[in-house]
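The values are calculated or read from the model by the stated rules, or taken from the named source; none is laboratory data. Keep in mind that this is a model prediction, so the values were computed, not measured. With ideal geometry, Cβ positions are generated from the backbone for all residues, glycine too; neighbour counts draw on all protein chains shown. Protein only, heavy atoms only, side chains kept; ligands, DNA and RNA dropped before computing areas. Shrake-Rupley method; radii C 1.70, N 1.55, O 1.52, S 1.80 Å.
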Amino acid sequence: MAQEMEAELHQGLCNHLQMELMASYTYFSIAVWFTQRELNGFATYARAESDGERVHAGLFVDYLVARSQPVELSDLSQPRQTWTNVEDVLISVFEMEAEVTTSLQQLYSLAERCGDYRSSIFLDPMIKTQVDAESEVAHLLAQVRHCHTDFGALMILDQSLSAAAGPTAA
Ligand SMILES: [Fe+2]
C-alpha cells in the first residue's frame with residue numbers, strides 16, 4: 001500500500017536523483033578528458049566516481065520504490081567537456097560536489113519540515129558520505145595545486161590514483 005509523502009518532498013527526492021545522474025555523466029565526461037591526455041590514474045578515478053554517483057542515484061530509486069512513490073526521470077543536459085588544466089577540472093568537481101551537498105542538506109531540512117522521519121533516516125548517512133566525498137575532492141585539489149606547473153609531480157600523483165583505485169574501486 002502506498003505510503004503518503006508530501007508532493008514537495010517527492011519532487012525534491014526526484015530532483016536530487018536527477019542531480020546524482022548528472023554528476024555521474026559529468027564525471028564520465030571528465031574521465032574522457034583525462035583519457036585523452038593520457039592521465040590514466042585521473043581517468044580511473046573519474047570513471048570510478050561516475051559509477052559511484054550512479055550507485056547513489058540507484059539508492060534514491062530504491063528508496064522511492066520502497067515508499068511506493070513514482071520515479072520520474074528527466075533529460076540529462078550535455079555535460080561540460082572543456083577545461084584549461086587539471087586544476088580547472090578539480091575546481092569544477094569541487095563546486096559540483098558542494099552543490100550536491102547543499103541539495104542533500106536542503107532535502108534533509110524539507111524532510112524534517114514535512115515530519116517525514118523515514119526520509120530523514122534515509123538521508124542522514126547519505127549526507128555524511130557526501131561531506132566525506134567533498135573533503136576528498138578538496139584534498140585532491142590541494143594536491144594538484146601543490147604540483148603547480150611541475151608535470152613530473154603531476155605524473156606521480158596520477159600514478160598514485162591508479163594504485164589507489166585498485167581492481168574493486170567503486
Ligand atoms: Fe553522489
* List, please: which pairs have Cβ atoms under 9 Å, are six or more places apart or on different chains, and start with a residue in the range 121-147 that is without any contact (Cβ under 8 Å) to a residue 12 or more places away in the chain and end with one that is within 16 Å of the ligand (Cβ to nearest atom) and open to solvent by less than 20 Å² (accessible area, probe 1.4 Å)? -> 136/97
* To do: May I ask you to verify whether residue 132 is open to solvent by less than 70 Å² (accessible area, probe 1.4 Å) and modelled with pLDDT of 90 or more?
  => yes
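Return the residues of the range 119-129 that are within 16 Å of the ligand (Cβ to nearest atom) and either part of a loop (DSSP other than H, G, I, E, B) or crowded, with 18+ Cβ neighbours inside 10 Å (or both); say none if nothing qualifies.
Across the range 119-129, the qualifying residues are 122, 123, 126.
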* residue 27 vs. criteria open to solvent by 20 Å² or more (accessible area, probe 1.4 Å) and of a type outside the set (S, T, N, Q) -> no
* Structure fact -> The residue that is farthest from residue 17 (Cα to Cα), considering only those in the range 91-118 that are among the polar types (S, T, N, Q) and within 16 Å of the ligand (Cβ to nearest atom), is 92
* To do: Considering each residue of the range 1-53, count those that are among the small types (Gly, Ala, Ser) and away from the ligand (no atom under 16 Å from the Cβ), and give that number.
  => 4
* Asked: residue 94: touching an Asp or Glu at 6+ places or on another chain (Cβ under 7 Å), of a type in the set (Phe, Trp, Tyr) and at pLDDT 95 or above, yes or no?
  -> no
* Structure fact -> In the range 20-71, anything of a type in the set (A, V, I, L, M), farther than 28 Å from residue 8 by Cβ and over 15 Å from the mean Cα position of the chain (by Cα) is listed as 32, 39, 43
